[in-house]
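Structure record follows, encoded as structure tokens.
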Amino acid sequence: MYFTHAITRLPADTVASGLTTANAGAPDAELTRAQFRDYVDILLSLGLTVTTLPAQPDYPDAHFVEDTAVLMPELAVITNPGAPSRRGEVESIAPVISRFRHTVWMGEGAHMDGGDVLMVDKRFFIGLTSRTNEAGIREFATAVEKFGYTVSAVEVGAGLHLKSIVNYVGRNTLILSEDSVDNPVFKGFNQIVLNPEEEYAGNTLWINDTLITPTGYPDTLKKLKTLGLPIIETDTSEIRKMDGGLTCMSLRF
Ligand code: CIR
């Protein structure tokens with residue numbers, strides 16, 4: 001898949017009021033924005049056109065735009081985020097997405113965060129988590145199966161989202177946590193297994209055959225280098241404090 005566009009949102013001054021389980025202290029809003037700007041610069045350097053939306057101080061997690069929608073060439077599914085404090089985020093981003101794609105909305109009771117949705121060609125792997133429920137996966141499958149996509153649900157034991165622990169890094173390869181290795185749903189892929197101390201770096205982003213990975217995870221970097229793809233490291237210290245990673249901060253299409 002070749003990406004030409006991304007949608008992002010500037011982090012608000014209120015970032016520290018968002019949801020987190022990280023126990024890593026409050027993020028600095030200025031430094032969060034600096035790390036966000038570095039991220040946008042990387043997307044631009046990879047040839048993407050980036051639409052950056054204004055900060056939304058009333059929604060301190062709103063710069064984690066990935067959770068609000070899932071885009072594919074044929075349509076965009078606007079999610080109904082699992083956390084009540086994040087549900088309102090979709091109202092302001094959906095009109096922007098609809099400039100690019102036909103949109104389908106999830107109904108009441110069906111919940112999904114885009115962070116749970118891993119797309120590999122025509123296959124979707126979707127985490128069943130505290131944010132994404134079976135009704136959400138069912139509704140999503142109904143919307144996309146008619147376009148030839150397959151949908152597999154994946155039980156996620158630890159971590160916030162599926163993509164907190166499993167990501168596609170090109171070359172028919174997944175990077176994944178030790179716990180996910182034996183999951184039969186991932187059979188057929190080459191696997192890079194994360195050192196448990198570096199699980200956060202599993203949230204590595206593959207864009208146009210370049211890998212973007214967080215700074216400070218040497219074992220993961222060494223393993224990623226075996227793929228022979230260009231790798232860009234970037235600091236996400238403040239993003240991590242709010243349980244966020246590299247995939248969360250954009251919608252790519
Ligand atoms: C949340 O708990 O919803 C945010 N603080 C972090 C969301 C991260 N999103 C993602 O991994 N896709």
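Structure notes:
- Taken about its Cα centre, region 5-252 carries a charge dipole of roughly 720 debye when the Cβ of each Lys and Arg holds +1 and the Cβ of each Asp and Glu holds -1.
- For the chain, the relative contact order works out to 23 percent when only alpha carbon pairs closer than 8 Å and six or more residues apart are counted.
- Aspartates and glutamates whose Cα lies under 17 Å from that of LYS146, excluding same-chain neighbours fewer than 8 positions away: GLU74, ASP121
- √(5λ) per eigenvalue of the Cα gyration tensor, region 1-142, largest first, Å: 24, 20, 14
- Split the chain at each of the GluC sites (Glu not before Pro) in a DSSP loop with at most 16 other beta carbon atoms within 10 Å, and the longest piece is 109-253.
- Rounded if a/c under 1.5, otherwise prolate or oblate - region 25-75, Cα gyration tensor axes: oblate
- Label-reachable residues, region 1-37, where backbone N falls under 18 Å from a point 7 Å from THR49's Cα toward its Cβ: 2-9
- ARG37/HIS5 FRET efficiency (R0 22 Å; Cβ-Cβ; nearest 0.05): 0.75
- All aspartates and glutamates inside 15 Å of LYS225 as judged from Cα atoms, apart from same-chain residues fewer than 8 positions distant: ASP209, GLU233
- Placing dummy labels 7 Å off each Cα toward the beta-carbon, the span from ARG123 to ASP13 is 4.8 nm.
- Evaluated at q = 0.17, 0.29 Å⁻¹: base-10 log I(q)/I(0), Debye formula over Cα of region 167-228: -0.51, -1.40
- Calculated on the alpha-carbon coordinates, the convex hull of the chain measures out at 112 cubic angstrom per residue.
- Cα gyration tensor category, rounded, prolate or oblate, for region 114-185 with a/c compared to 1.5: oblate
- Loop-located trypsin sites (Lys or Arg not before Pro) in region 72-120 (DSSP state other than H, G, I, E, B) with a sparse environment of at most 14 neighbouring Cβ atoms within 10 Å: ARG99.
- Ordering PHE125, PHE189 from the fewest to the most neighbouring beta carbons within 10 Å gives PHE189, PHE125.
- Label-point separation in nm, VAL96 to THR150, each point 7 Å along Cα→Cβ: 3.4
- Taking 30 Å as the straight-line reach from the Cα of LYS223, the lysines in range (excluding those fewer than 8 positions away in the same chain) are LYS122, LYS163, LYS187, LYS241.
- Legend: helices of the chain (whole DSSP H runs) are marked when their alpha-carbon atoms reach 15 angstrom or more along the helix axis and their mean Kyte-Doolittle hydropathy is at least -1.0; marked are 29-45, 134-145.
- Per residue, the chain reaches -6000 deg cm²/dmol at 222 nm when only DSSP H runs of four or more residues are counted, each adding -39500 (n - 2.57).
Read the figures in this text as sums done on the coordinates, not as results from a lab. No experiment lies behind these values; they were computed from the predicted model shown. With ideal geometry, Cβ positions are generated from the backbone for all residues, glycine too; neighbour counts draw on all protein chains shown.
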